[in-house]
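Asker: Before we start, here is the structure in question, set down as structure tokens.
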Amino acid sequence: MFENLSERLGSVFDRLSRQGALSDDDVSTALREVRTALLEADVSLPVTREFIRSVQKKATGQAVTKSVTPGQQVIKIVHDELVNMLQGDGPAERLKIDNPPAPILMVGLQGSGKTTTSGKLARRLKERENKKVLLASLDTQRPAAMEQLAILGSQIGVDVLPIVKGESAVQIARRAKQQATLGGYDVYILDTAGRLQIDIPLMEEVAQVRDVAQPRETLLVVDGLTGQVAVEVAQEFDAKVGITGVVLTRMDGDGRGGAALSMRAVTGKPIRFVGLGEKSEALEPFEAERVAGRILG
Ligand code: GDP
């Protein structure tokens, strides 16, 4: 997930640790390399700047450089700042899915992995949290997408709302709610239509569905490989329809990881899960401590 960044930072910190005594200049030199590594990983410039400024403030001066293990201290400061950058005010809360039936709205661009992620999330809630889950596709534009969800549902043993031809997305959302209530479901997941780019009709449709469904969670699915573009997409969706969290897909690929690192700081929204493959079990909760640990090796 963060192989390149991790390697780059690893070599900077190895050197720092081996040096023994450190001057403020040594720390500054190392931080310049950290800055380059973050920018190369496609972390946004303002986020990188703020990160370096914050580490610099804490890592220079007597307390660190005169300590017994200055290199370790600097690494600890970088670690803590990474956690801070990844989780903002605090760790992401659990999904708000008490009070059944709880609607979860999945939004995002076409091809981002929305349908796959809806299936993965349904499977996770069913297997790990013992929830009775209903899946519904609202993609009236693409019958293939509806079929895809139906197939996914049968593979993971999760019910899918039957397809009724000619219904609008809003009508499907209403029927899903009814079915979820009557059928005693804990959660129902609404997989909305996506388009190749953000446009007004897409946002209007999603907003209408949101008003009908009153989702407890609105999760934006974005392709982690698209780096800073993923962050921009998140900003737009949040401004137009409001999101409660983000799922970054394709984090199994050789992406540079910048989207994961900038997302929280730029949008203020937590990354809830990361997609790590095409299979229905390839979804992991995003935990800042663990990710920071992974980056720093
Ligand atoms: P949608 O148009 O947003 O619903 O996108 P899909 O769910 O149909 O996904 C598009 C493609 O991306 C499919 O081939 C998925 O198998 C693939 N995909 C989705 N999530 C991931 C992921 O986390 N990792 C990888 N490698 N592929 C993914």
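Asker: Provide a single number: the residues in segment 147-163 that are under 19 Å from VAL209 (Cα atoms) and at pLDDT 95 or above.
Answerer: Here the count works out to 4.
Asker: Moving on to the next point. In segment 96-123, which residues are under 17 Å from the mean Cα position of the chain (by Cα), of a type outside the set (Ser, Thr, Tyr) and crowded, with 21+ Cβ neighbours inside 10 Å?
Answerer: ILE104, LEU105, MET106, VAL107, GLY108, LEU109, GLY113, LYS114, GLY119, LYS120, LEU121, ALA122
Asker: Return the only residue of ARG53, ARG35, ARG49 being under 28 Å from the mean Cα position of the chain (by Cα), of a type in the set (D, E, K, R) and over 29 Å from ARG250 (Cα atoms).
Answerer: ARG53 is the lone residue from the list that is under 28 Å from the mean Cα position of the chain (by Cα), of a type in the set (D, E, K, R) and over 29 Å from ARG250 (Cα atoms).
Asker: Can GLN141 be described as polar (S, T, N, Q), buried (at least 17 other Cβ atoms within 10 Å of the Cβ) and either part of a helix (DSSP H, G or I) or modelled with pLDDT under 95 (or both)?
Answerer: no
Each row is one residue, and each column tells you yes or no for (1) surrounded by 21 or more Cβ atoms within 10 Å (Cβ to Cβ); (2) more than 25 Å from PHE273 (Cβ to Cβ); (3) at pLDDT 90 or above.
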position: SER17; (1), (2), (3): no, yes, no
position: ASP25; (1), (2), (3): no, yes, yes
position: ARG32; (1), (2), (3): no, yes, yes
position: SER44; (1), (2), (3): yes, no, yes
position: ILE52; (1), (2), (3): no, yes, yes
position: GLN62; (1), (2), (3): no, yes, no
position: LYS66; (1), (2), (3): no, yes, no
position: LYS76; (1), (2), (3): no, yes, yes
position: LEU82; (1), (2), (3): yes, no, yes
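Asker: While we're on this one: Of all residues in segment 102-138, which are of a type outside the set (A, V, I, L, M, F, W, C), free of Cβ contacts under 8 Å to residues at least 60 places away in the same chain and more than 17 Å from LYS279 (Cβ to Cβ)?
Answerer: GLU129, ASN130, LYS131, LYS132, SER137
Asker: Could you tell me which numbered condition ASP254 fails, if it satisfies all but one of (1) crowded, with 24+ Cβ neighbours inside 10 Å; (2) within 16 Å of the ligand (Cβ to nearest atom)?
Answerer: Going through the list (1) crowded, with 24+ Cβ neighbours inside 10 Å; (2) within 16 Å of the ligand (Cβ to nearest atom), ASP254 breaks only (1).
Asker: Hey, could you check segment 129-144 for residues that are closer than 17 Å to ARG175 by Cβ and of a type in the set (Gly, Ala, Ser) and say which is farthest from the ligand (Cβ to nearest atom)?
Answerer: ALA136
Asker: Next up: Would you check which residues across segment 258-295 are closer than 30 Å to GLY153 by Cα, more than 14 Å from the ligand (Cβ to nearest atom) and touching an Asp or Glu at 6+ places or on another chain (Cβ under 7 Å) and list them?
Answerer: Scanning segment 258-295 gives a single hit, LYS269.
Asker: Is it the case that segment 239-246 has a residue that's buried (at least 16 other Cβ atoms within 10 Å of the Cβ) and within 28 Å of ILE52 (Cβ to Cβ)?
Answerer: Scanning segment 239-246 turns up at least one residue that is buried (at least 16 other Cβ atoms within 10 Å of the Cβ) and within 28 Å of ILE52 (Cβ to Cβ).
Asker: Pick from segment 170-227 the residues that are within 13 Å of the ligand (Cβ to nearest atom), buried (at least 19 other Cβ atoms within 10 Å of the Cβ) and not aliphatic (A, V, I, L, M): which of them is farthest from GLU147 (Cα to Cα)?
Answerer: THR226
Asker: Go through segment 1-30 residue by residue and tally those that are in a helix (DSSP H, G or I) and free of Cβ contacts under 8 Å to residues at least 60 places away in the same chain.
Answerer: So the answer is 16.
The values are calculated or read from the model by the stated rules, or taken from the named source; none is laboratory data. A quick note: this is a predicted structure, and the numbers were derived from the prediction, not measured. For neighbour counting, all protein chains shown are included, and Cβ atoms are generated from backbone atoms with ideal geometry for every residue, glycine included.
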